[in-house]
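Have a look at the structure below before the remarks.
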Amino acid sequence: MNVDTLVLVLAIILMLVGVAGTVLPALPGVVLVFLTAAAYGWYEGFHQIKANYLMILAGLTLLSVLVSYASAVWGAKYFGSSKAGTWGAVIGVIAGIFFFPPLYIYWFLFRGSDR
């Protein structure tokens, strides 16, 4: 097995883990799919995965992440959180981004929104 085949198999495995991460909350699914596509595109010289495709995928990834974070805040408000609880959810999501994101986004979100 040559190196190109190993890199392709690794990229496929990481993509499948990313797809699973779109359903499982502990895995950064959409971001992992994008990073894998970008890394494989860079590895193979952007012959199969073009830069235009990566720019579209980057935009969709950013949109997905923003909607995911915003939905946590909107969910807190929808289920009757107070104004302080909603702001706690906003601050919790932002703080969770800078710590271990898969776990702490949810932990800080719930800690902040229980006001």
Legend entry - Yes/no for Phe98 being at positive phi and without any contact (Cβ under 8 Å) to a residue 60 or more places away in the chain: no
Legend entry - Residue match in the stretch 20-29 (condition: among the hydrophobic types (A, V, I, L, M, F, W, C), touching a Gly at 6+ places or on another chain (Cβ under 9 Å) and crowded, with 17+ Cβ neighbours inside 10 Å): no
Inset, instruction - State whether one or more residues within the stretch 41-48 are surrounded by 15 or more Cβ atoms within 10 Å (Cβ to Cβ), in contact (Cβ under 8 Å) with a residue 24 or more places away in the chain, in a helix (DSSP H, G or I) and within 18 Å of the chain's Cα centre (by Cα). - result: no
Legend entry - Unique match (being modelled with pLDDT of 75 or more and more than 17 Å from Ile12 (Cα to Cα)) among Ala95, Ala84, Ala39: Ala84
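The values are calculated or read from the model by the stated rules, or taken from the named source; none is laboratory data. No experiment lies behind these values; they were computed from the predicted model shown. Cβ sites come from the backbone with ideal geometry, for glycine too, and all protein chains shown count toward neighbours.
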